[in-house]
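Engineer: Got a structure here, written out as structure tokens. Questions coming.
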Amino acid sequence: MPFIQLNNQFPGIEGLLLNKPATGKAICGFVQQALRGKSSLSTAEREMIAAYTSYLNHCEYCQNIHTEIASALLKDNGDAMSCMIGNIGEASLSSKMKSLLQLAAKVQQGGMNVTEQDINNARIHGANDSDIHDAVMVAAMFCFINRYVDGLRTDRFVDKEDYQQPAKQLARFGYHYPNFIAKFFMKKMLKKLNVIKAIASQE
């Protein structure tokens, strides 16, 4: 259960976005621009940074949803993401992408942990200033989002498979407010969550 009373029952950040529409619209606009706007990094690469940062922050909801979004965009049945989360060095990624993920990990620790050596390492492996800027921005943004979601203990989906369908919707349509995730799917998930909560309350 969330720490605070929300005006809806949606899980994850969706409940928070709909609870306060003014901030919800602003956050969705920022996320849409950061992950879908013009960038020298592909949409899939930015989603990978979002998922990896969320993994490092132990934010289960954001890690799972953005892992599934990246996998939907890559169309590789999740192979790249499963390797990346487990071991960046073994993942079938470009050396540039690996260096940007390493940079994101430094951002996740704290902005002042990023060194000139980290930036130069990214440049050596082919990253330009735009790549570096967007990698740092996405990592920093997801530190905020992860803490927003977990700091209020919003509900999560029940099973990992439950992230796959909304991820496909987000991969296709982006993060425009208020259709953050297709309503028909969210209603289906709410029924499942409510049944589980009812069972738990009787135990």
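Engineer: Is at least one residue of region 138-153 closer than 23 Å to ALA72 by Cα, at pLDDT below 95 and surrounded by fewer than 16 Cβ atoms within 10 Å (Cβ to Cβ)?
Structural biologist: No: region 138-153 contains no residue that is closer than 23 Å to ALA72 by Cα, at pLDDT below 95 and surrounded by fewer than 16 Cβ atoms within 10 Å (Cβ to Cβ).
Engineer: Still on this structure: Return yes when ASP150 is in a helix (DSSP H, G or I), within 30 Å of LEU16 (Cβ to Cβ) and in contact with a Ser or Thr (Cβ under 6 Å, 6 or more places away or on another chain) and no when it is not.
Structural biologist: On the way: in a helix (DSSP H, G or I): yes; within 30 Å of LEU16 (Cβ to Cβ): yes; in contact with a Ser or Thr (Cβ under 6 Å, 6 or more places away or on another chain): no.
Judged against the criteria, ASP150 is not a match.
Engineer: Report, by residue number, each residue of region 140-156 that is under 14 Å from the mean Cα position of the chain (by Cα) and of a type outside the set (Lys, Arg).
Structural biologist: ALA140, MET141, PHE142, CYS143, PHE144, ILE145, ASN146, TYR148, VAL149, ASP150
Engineer: Which number in (1) under 26 Å from ASN128 (Cα atoms); (2) out of contact with any Leu (no Cβ under 9 Å at 6 or more places or on another chain); (3) in a helix (DSSP H, G or I); (4) touching a residue at least 40 places away in the same chain (Cβ under 8 Å) marks the one condition that ASN64 misses?
Structural biologist: Unmet for ASN64, out of (1) under 26 Å from ASN128 (Cα atoms); (2) out of contact with any Leu (no Cβ under 9 Å at 6 or more places or on another chain); (3) in a helix (DSSP H, G or I); (4) touching a residue at least 40 places away in the same chain (Cβ under 8 Å): (1).
Engineer: Exactly one condition in (1) within 15 Å of the chain's Cα centre (by Cα); (2) among the aliphatic types (A, V, I, L, M); (3) surrounded by fewer than 23 Cβ atoms within 10 Å (Cβ to Cβ) is false for LEU18; which is it?
Structural biologist: Tallying (1) within 15 Å of the chain's Cα centre (by Cα); (2) among the aliphatic types (A, V, I, L, M); (3) surrounded by fewer than 23 Cβ atoms within 10 Å (Cβ to Cβ), LEU18 fails exactly one: (1).
The values are calculated or read from the model by the stated rules, or taken from the named source; none is laboratory data. Not measured: the values here are computed from a predicted model. No Cβ is skipped: glycine too gets one built from the backbone with ideal geometry, and neighbour counts run over all protein chains shown.
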